[in-house]
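What follows is a single structure, written as structure tokens, with notes after it.
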């Protein structure tokens, strides 16, 4: 059985060494060809969007090549090293391949994504090389929720995830948890708060339902989500099983994105009653409504 070869050439201000694996699906008589994937340093047009194609903090790059119709899926991981590196992956000729990459670091034993990007509709030709250029970008997280909220009130949080590299699809994220605290945890070295709430992932949208803590004065509630990539992104050839799956913080503290803030206001939802007297109108605040309202 002969397979085609997908050649991944990674070029950057820093380069990589291969530590990877591959699952091969190929027809019996498939001819050989090449896909050359170039991960370049950030260009002028990209520099305005993302500080680095490969951030200084990035320790590794995970590459995935797949075909939605045939079930072909190959994942390889490369370390940053001091020289250019070529990764050869066997694949059958045909149309409709997607090639993607994620730059990440290891923190507290967990692979955390920094930037990513993909190129869809790639064709593998027999005995030819097809060049694919990947532009890696950071992810953005837009939080939609009530603000301010009442103490002990139930409220919802929706996160709309996007990135300039196009790497947000049903093939990317499968689960997410929302971490909340009245103490700031902006420093990426600080562990995420305990007791997270699980959410529902639907393509590029994640929704959560939670209850605000009980406070007696105006308080800031800090929020950040941790999303997990689908198993199709797992690299089970790695020595450490804790590195198999990729994760992404939203907002991404590792990329200096500020975590989301919501105000908890005990006065929110109170009733104001005006009683008219001869001297004029004196507003009287009766406080927050009871749970029986």
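Taking residue 106 and the conditions (1) part of a strand (DSSP E or B); (2) in contact with a strand residue (DSSP E or B) (Cβ under 6 Å, 6 or more places away or on another chain), which numbered condition does it fall short on, given that it satisfies the others?
With (1) part of a strand (DSSP E or B); (2) in contact with a strand residue (DSSP E or B) (Cβ under 6 Å, 6 or more places away or on another chain) applied to residue 106, the lone miss is (2).
Does segment 172-202 hold any residues that are in a loop (DSSP other than H, G, I, E, B) and under 12 Å from the mean Cα position of the chain (by Cα), and which are they? Steps first, please.
As a first pass, look at segment 172-202 and keep what is in a loop (DSSP other than H, G, I, E, B): 172, 182-196, 199.
Residue satisfying the conditions is 172 alone.
Give me a count of the residues in segment 54-67 that are more than 23 Å from residue 110 (Cα to Cα) and either in a strand (DSSP E or B) or modelled with pLDDT under 90 (or both). Break it down stepwise before answering.
First, the residues of segment 54-67 that are more than 23 Å from residue 110 (Cα to Cα): 66-67.
Okay, now just the ones that are also either in a strand (DSSP E or B) or modelled with pLDDT under 90 (or both), so 66.
Qualifying residue count for the region: 1.
Residue by residue through segment 196-230, note down the ones that are exposed (fewer than 15 other Cβ atoms within 10 Å of the Cβ) and within 27 Å of residue 115 (Cα to Cα).
Those that are exposed (fewer than 15 other Cβ atoms within 10 Å of the Cβ) and within 27 Å of residue 115 (Cα to Cα): 198, 200, 202, 203.
Can you tell me which residue within segment 69-103, out of those that are outside any strand (DSSP E or B) and modelled with pLDDT of 90 or more, is surrounded by the most Cβ atoms within 10 Å (Cβ to Cβ)?
This residue is 72.
The values are calculated or read from the model by the stated rules, or taken from the named source; none is laboratory data. All of these numbers come straight from a predicted model, not from anything done at the bench. Here the Cβ is made from the backbone with ideal geometry for all residues, glycine too, and neighbour counts use every protein chain on show.
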